[in-house]
Structures are given as C-alpha cells and as structure tokens.
Amino acid sequence: MARRRSLPRLGLAVPVVLSLTASLGFLPAPASATPRIPSAAPAGDAPALAYVVNTGTDRHTIAQVRRAVTTAGGSIVVTYDAIGVIVAHSADPDFGKRMRAVRGVESAGATRTAALSTVGTTEEGAVRRLSEAEAARIAKASDGGEPLEAEQWDLRAIGADRAAKVNPGSGDVTVAVIDTGVDDTHPDLAANFSPAQSANCAGGKADTTYGSWRPADPDYFHGTHVAGTIAAARNGVGVAGVAPGVKVSGITVSQPTGRQLIYAESVVCAFVFAADHGVQITNNSYYVDPWQYNCLDDPDQKAIVDAVDRAQRYAQRKGTLNIAGAGNARHDLASAGFTDAGSPNDSTPVNRTVDPHRCWDLPAQLPGVVTVSATGPKGAKAYYSNYGLGVIDVAAPGGDQYVASDTPSGSGGVLSTLPNNQYGYEQGTSMATPHVAGVAALLKSAHPQATPAQLRALLRAQADNPGCPADPYDWNGDGVVDAVCAGGGRVNGFYGFGVVDALRAVR
C-alpha cells in the first residue's frame, strides 16, 4: 500500500475509470520486581488507545501479565502466546507506563497517538486509472502476451516476460500481500487467489470470514495493485504478473476510516497469521504507523519495534521470507541522521532528527527482512526511493513519473490491477517490492526446500548490479546533488546487490 499520508507513499494518478470484463534481538528492558499494579483510576472521557505488551513466552508469565492488564483497567484484544505479545486497549494515558512496571513485561507502549478511530503505504503520489480508450490503444500495440502487456516496461526490465515461458512459478508457493486488502474477484487475480491463506487483521486479531480480506472501499486500491504485479494470471486478460503461476493471498492491515493507517498490532497479527497458514513469502509495501521511524530510546516506539520484530522473526522461523519497501522519503538509511517531519502521522507531526541506526523504518529495517529500493524505466534509482549501503538488499522497478518509458503511453508508472476490474499506474517502493516478491516466488518454486535465509541469499546472487552512477545523482537537473551512492559494483547503497532478474532466477 502506499504509505502514509504525510510523506508520499506510492502512487501516481490521474483518475480515469476503466472496467475490463475480459480482460535485532532486543535486550529486554529491566523488569520491575513489582508483582502487580493497583487498579487504574477512572479514565473519564479519555479516548482509548491500542497497546502492545511484550512478555516472556512461558505460560506462567503470560497469565500473570494478562491479569495485570485487566487489573490496570485494560481490555485484552488478543494474546499471541508463541511470541509473547499481548494486544490491549486502554483509556488510561499512563497504561503503558504502568505495564512497564509489571514483572515479566519486557516492553510496552501505545501503538498510536490518536484515538482508536482513525495506512502507511509506500506509493508515491496518486494512482492514475487507465481509461477504456487507453486500454484499447494499448491492446492494438500488444504483440502477443496479455492485452495490456505492452505497457509493462517493468516486466521486460527484469526479464519476467521471458521467465514466464521457462517457469511461471508453482501453485504450491503463496505470497501474502499484507496491505489494504485484495480484490480477489478481479479477473486477473481470481484464478491465483488463496482464500484459505487470507484474513483481515485490521483490529489486531485475524478475521477469516469469507471476503474479509477485500478492500473496504474501491479507493483502497494499493493491495490489489501489489497483488497484480506479483501474480496476475496469463489468461488473455489485462496484465501479467512477475510470477503468474503462483498463489497470492490478502491479509488486510489497514483501518478503514478514511485515512488508511497501518498499526503495529495489525502487522503482528498478519505475520503470525501468514506463518501459521503456510505462506512462504510476505509482501510488505508499507511502514508501520504512526511513526515513519521508530526510535529505540522511546518506550512506546521500542515496544512497537519489539512486537513487530517478534512477529516477523516468528514467521521466519516458520519458513516465511518477508520482503519490504525501503520507503519514499529520499533518505539515506545508512547516514548519521536526517529530519523526520511527518511523524506521528495520526495526530500532529513534529520535526525530529533521527539516527537510522537507532530509529527504524518498520518492517524494512528489521533483521532478516529483504529491503527493496526502487528504479525507474531507465534503470536508475527512482527520485523518491530511500537508499543506503548495507541497508538495501536488492532493487526493482518501482516507476518514476519524471522518466518516460518505451511503452505506447510513455508512462513511467507501473501498470497493474485495481479493484472493480480496473487497471492503473502507480509508482513507489510499494511497486518495487512486489517485483522482488514475485522473483522470490519463482526462486522458491525452483528451490522448494530453500529456507528464508537461503532465499534471501539467492535473491542477492541472481541480481544484476549496474554499479553506482558515473555522474553525480541529480534527478531534477537543478545542479544540486540529491543523493550519493556509496559502494561499488558488487554492492552499493542505491541498488544493494543489484536489480532482481526473473529470467536468471528461473534458469
């Protein structure tokens, strides 16, 4: 999904409608010896907030902390025993502080700064929907393949069009799109969708009611767009995905309240659900709201990091590879620091200087997660993409509205599926990430016994690294250097180990 609203997430847009029917291990904070806490004082009219309370995983500790939560006036939403994370609601503004004083609690904090009513996806700008007239023109220009494939410069850039003829991927491999929801009724997605591995985790607890994974509103297009890039079927309709033979599922994590915010408890739920339902790869085109970067010296933000990291590590242990977008703020994630002007994005943002070594974009900067930067139609780093030597694993096409493509429209955006049988262009690291997830699915299809760590290594090994640009990086030509690429031809800050190569992956 594209992400937040304060910093551009992902996307490019000029709305025109189209409907096609054919077509780290963290050290635990010192625990208090206090065995219990007094009952909470009445909260009056204070708004309820959501909290994560992180404990040990033994039954005695979890039971003790659960009792402390209710004693403090909190209500428990769900307990993830396997990772020691309790999701709770409380209207007591001191609830997090009170929980941190409980024996057995390793960290605890609020997951938001505003009341429980109000996503952080990583697209840049708005979506541009494809009109029927445009679709007809593109179809005339298509030389075989799918009707709209002539617009998919991104597939050709990584050899995915040729890879599909060698190995389109196995139906035994599933990529879960952790996002704003997936419209599985779309004709390009229906055949490859896995309802049994889909759910709605927006409230922090999985709802597996049939259809619960679908977007709450057609404007929540992000997850459907991502899903199409991964696995749109080669069925003579619309577009094609990078891995058109694999399965895709949807795990909704956004709160359907106008502002699509993705909070920690929803992401914890999604990682655990994916792991427990046999998902081999997750796509994470978002950052965890409300903080664009979660700093370990803040108790609330540390609790968020701890909870999400526990969940994604659990998924890794169960055999799931997690892939995430690096973000669209143009930040060097390997630098000594920069200004975050958009956090928190669910209340009043404040300017703060963050050190990316201690303040992390979640889940992109968590251990074991594959971190993805974005490129444009000519293969250069996209203007919006975050970067950083030692942080970026690989790169992939994410689109760049300032660079024309060699397609009938010339659009630099990535064309994919939208809800209600539509198609549209978006750009962002949100769009780059599903290209990597698709290539990872092809690798998993070819190497079904590969562990998450081995798949990550394979992704790095098959990538093609163009090296740092010879000229200073000045994306808008104003004479100011906008980014510095550190590293060399093997690994560097712009592309990591290189741009993924689907054809090399299947060979």
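Under 6 Å between Cβ atoms, which residue pairs at least 6 apart in sequence (or on different chains) link something in the range 323-348 that is assigned to a loop (DSSP other than H, G, I, E, B) with a partner that is of a type in the set (A, V, I, L, M) and surrounded by fewer than 24 Cβ atoms within 10 Å (Cβ to Cβ)?
Matching pairs, first to second residue: Ala329/Leu7; Leu333/Val391; Ala334/Leu389; Ala334/Val391; Asp346/Ala114; Ser347/Ala114.
Look through the range 390-436, keep the residues that are open to solvent by 10 Å² or more (accessible area, probe 1.4 Å) and touching a strand residue (DSSP E or B) at 6+ places or on another chain (Cβ under 7 Å), and return whichever of them is nearest to Pro367 (Cα to Cα).
Filtering first and then ranking leaves Val391.
So which of Ala135, Ala157, Ala139, Ala164 ends up being on the phi < 0 side of the Ramachandran plot and in contact with a Phe, Trp or Tyr (Cβ under 8 Å, 6 or more places away or on another chain)?
Ala135
Looking at (1) open to solvent by 30 Å² or more (accessible area, probe 1.4 Å); (2) part of a helix (DSSP H, G or I), which one does Ile138 not meet, given that it meets all the others?
Among (1) open to solvent by 30 Å² or more (accessible area, probe 1.4 Å); (2) part of a helix (DSSP H, G or I), Ile138 violates only (1).
List every residue pair whose Cβ atoms sit under 6 Å apart, with the two residues 6 or more apart in sequence or on different chains, where the first one lies in the range 491-507 and is closer than 19 Å to Tyr387 by Cα and the second, anywhere, is assigned to a helix (DSSP H, G or I) and open to solvent by less than 10 Å² (accessible area, probe 1.4 Å).
Once the first residue is closer than 19 Å to Tyr387 by Cα and sits in the range 491-507, its partners that are assigned to a helix (DSSP H, G or I) and open to solvent by less than 10 Å² (accessible area, probe 1.4 Å) give Val500/Val436; Val500/Val439.
Filter the range 447-492 down to the residues that are of a type in the set (Asp, Glu) and assigned to a loop (DSSP other than H, G, I, E, B), then identify the one that is farthest from Ala374 (Cα to Cα).
Asp478
Go through the range 370-407 and report how many residues are among the hydroxyl-bearing types (Ser, Thr, Tyr), part of a loop (DSSP other than H, G, I, E, B) and within 19 Å of Glu151 (Cα to Cα). It would help to see each step written out before you state the result.
So in the range 370-407, the residues among the hydroxyl-bearing types (Ser, Thr, Tyr) come out as 371, 373, 375, 383-385, 387, 402, 405, 407.
Of the ones still in play, those that are also part of a loop (DSSP other than H, G, I, E, B) are 383-385, 402, 405, 407.
Checking which are within 19 Å of Glu151 (Cα to Cα) leaves us with 402, 405, 407.
Going through the range 370-407 one residue at a time, the tally reaches 3.
Taking Val77 as the residue in question, decide whether it is at pLDDT 95 or above and in contact with a His (Cβ under 7 Å, 6 or more places away or on another chain). Talk me through it step by step, then tell me what you get.
Working: at pLDDT 95 or above: yes; in contact with a His (Cβ under 7 Å, 6 or more places away or on another chain): yes.
In short, yes.
Are there any pairs, at least 6 apart or on different chains, whose C-beta atoms fall under 7 Å, with the first in the range 164-191 and among the hydrophobic types (A, V, I, L, M, F, W, C) and the second in a helix (DSSP H, G or I) and open to solvent by 10 Å² or more (accessible area, probe 1.4 Å), and if so, which?
Close Cβ pairs (under 7 Å, with a partner that is in a helix (DSSP H, G or I) and open to solvent by 10 Å² or more (accessible area, probe 1.4 Å)) amount to Val166/Val506; Val173/Lys444; Val173/Ser445; Ala176/Gln197.
For the range 246-274, enumerate the residues that are open to solvent by less than 10 Å² (accessible area, probe 1.4 Å) and assigned to a helix (DSSP H, G or I).
Answer for the range 246-274, where residues must be open to solvent by less than 10 Å² (accessible area, probe 1.4 Å) and assigned to a helix (DSSP H, G or I): Ala264, Glu265, Ser266, Val267, Val268, Cys269, Ala270, Phe271, Ala274.
Touching a Ser or Thr at 6+ places or on another chain (Cβ under 7 Å), surrounded by fewer than 22 Cβ atoms within 10 Å (Cβ to Cβ) and either aliphatic (A, V, I, L, M) or at pLDDT 95 or above (or both), is that true of Gly104? Give the derivation first.
Working: touching a Ser or Thr at 6+ places or on another chain (Cβ under 7 Å): yes; surrounded by fewer than 22 Cβ atoms within 10 Å (Cβ to Cβ): yes; either aliphatic (A, V, I, L, M) or at pLDDT 95 or above (or both): yes.
When the stated conditions are applied, Gly104 passes them.
Name the residues in the range 388-443 that are closer than 30 Å to Ala457 by Cβ, out of contact with any Asp or Glu (no Cβ under 6 Å at 6 or more places or on another chain) and charged (D, E, K, R), would you?
The answer is Asp393, Asp400.
Out of the residues in the range 349-369 that are in a strand (DSSP E or B) and of a type in the set (A, V, I, L, M, F, W, C), state the one that is surrounded by the most Cβ atoms within 10 Å (Cβ to Cβ). Talk me through it step by step, then tell me what you get.
Within the range 349-369, the subset in a strand (DSSP E or B) is 350-354, 359-360.
Within this subset, residues satisfying the condition of being of a type in the set (A, V, I, L, M, F, W, C) are 350, 354, 359-360.
Numbers: Val350: 10, Val354: 20, Cys359: 24, Trp360: 27.
Looking at the filtered set, the residue picked out is Trp360.
Considering only residues that are of a type in the set (Gly, Ala, Ser) and outside any helix (DSSP H, G or I), which ones fall in the range 275-306?
Gly278, Ser285
The values are calculated or read from the model by the stated rules, or taken from the named source; none is laboratory data. This one's a predicted model, so the numbers in the text were calculated from it and none came from an experiment. Here the Cβ is made from the backbone with ideal geometry for all residues, glycine too, and neighbour counts use every protein chain on show. Areas reflect the complete protein model, heavy atoms only, side chains present, ligands, DNA and RNA absent. Shrake-Rupley method; radii C 1.70, N 1.55, O 1.52, S 1.80 Å.
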